[in-house]
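Below you'll find the structure, written out as structure tokens, and then a few comments.
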Amino acid sequence: MEDQFAPPFSMKDFHRYLEKDQCDENSCFYSTLKTYERLCETIPSQHLYHANQSLDTADQLQLDKARRMMAALIDRFFIIGAEKELNVPANLLKPLLSQVNEKHNIHPEVFQGVLENIFAMLRLSSFPNFYKEASMKGALRPKVTVLQILEDQCRPPMSFNDFYQFLKREHSEENIEFYKALKEYKQICIDIPAEVLKNSDILVSDIVVQDNLIKAKDKLLFIMNTFFEEQSKYDLNVPVLLKKPFFSEVNVKKNIHPDVFDGILQNVLAMLKLSSFPNFQKEVEKTQKSLQETAEDISQITPTVSLSPSLVAPPLLNRKTKSNVSFNSTISPKPDIRLSIKSLLNPTLRPQSVSGSSSSCGHEKAVSPRDTEFTPKINIQEVLEDEFLPPFSLKGSGCSIQFFSKFQKYRFR
């Protein structure tokens, strides 16, 4: 529901399935509620709890917008005969309408009970069938984002260096070079007070701050000459609407705080996300497919020779799913996997290297097709609590604490 997974388990895939099953009102409500929550983040909570009060002009405009959106939510999902009427029990619907209509409480929290009821219905009815259907199309994999790659949180062939080399081949590396330079600039500015950065002409008595300010100005000059001068080495394609206020802040107001780059950074990330990144993903998928086909061809040509364990994908770490446990592991489409709808919300995924060779068996190191996937970090307590399915179950570990590290290493061979 938070769209944290790649197809065929994405939010879009789930919504299409619900549309086909003629029960998409729950996913439509969830998406609309998320939009409403983002709007309410700009409004103080006390104003949302008492939305009938008068405020200053700016706050009043936002509050009026929230009131209109709340009215639209009620009309679309909670009125009898509405376009997307939800199947909500009376013991949840009456208190909700009372809070909104009588107490003028339009805080998103009023929908908490309804939201839990929706998750329960999806978990028991639509989601199991969707999971079975999607499992036949492919494995459940976490969605990889541009920011994860830029922060080098993925392993090859989805690492920062892989993406950088791809952009160089495409002759479009100026955006990633800017991201690198800005990251370095932010690191220099950490030890400089914000008030000094926002007025860099101010006199500073602290020698350390003076030295750091000089370094920051030198780095800023490098960024300006490299990315914003015409015919420069990495001339950025930035709209005038963003360039003009940026130059005004830096050159006129002498504001060299990293925040002045925010608008330009968002524009750069958007271009990477919409143009370069999809092409990079296609290239990686094509390479993975070629590797997998090569491994299959080898196994068919030489059936008597055992393949290196590194050519065989390591076992997937499958967490046993419970209603109160967050899902944070890669799942393969096996019939014994149990996955709850709540477990798709806000997973914590961390990349972890997987050993690709086994020296004790004399095998050479080779690339595994699954080396590009995320592997969540695990610890001994989770295994001893029997949180995972085989081969990482408590039984598989031999119930031995002192040999846990060896057990984990063996399982990933």
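Each value in this text was obtained by applying a stated rule to the coordinates, not by laboratory testing. If you're wondering where the values come from, they're calculated on a predicted model, not measured in any experiment. Using ideal geometry, Cβ is built from the backbone for each residue, glycine included, and neighbour counts are taken over all protein chains shown.
For the range 118-186, with the dipole built from +1 on Lys and Arg beta-carbon atoms and -1 on Asp and Glu ones, taken about the Cα centre, which of 158, 148, 131 lies farthest toward the positive end? Comparing the listed Cα positions along the dipole, 131 ranks first. Amide H contacts of residue 5 (H built 1.01 Å from N, in plane; Pro and chain starts excluded): 11, 143 sit under 5 Å, all sequence-distant by 5 or more or on other chains. Put simply, the range 97-222 fits an ellipsoid with semi-axes of 46, 31, 11 Å; these come from the alpha carbon gyration tensor as the roots of five times its eigenvalues, largest first. Each label was represented as a point 7 Å from its Cα along the Cα-to-Cβ direction; for residue 241 and residue 20 these points are 3.9 nm apart. Here the range 129-183 is treated as a sphere whose radius is the Kirkwood value from Cα pairs; by Stokes-Einstein at 10 °C and 1.306 mPa s it diffuses with a coefficient of 121 µm²/s. Whole-Hz Karplus values for the range 211-228 come out as 4, 5, 5, 5, 4, 5, 5, 5, 5, 4, 4, 4, 5, 4, 6, 7, 10, 10 Hz, taken residue by residue from phi with 6.51 cos²θ - 1.76 cosθ + 1.60 and θ = phi - 60°; glycine and proline positions read x.
So, with +1 on the Cβ of K and R and -1 on the Cβ of D and E, and no other charges, what is the size of the charge dipole of the range 103-216 about its Cα centre, to the nearest 20 debye?
The calculated dipole for the range 103-216 is roughly 800 debye.
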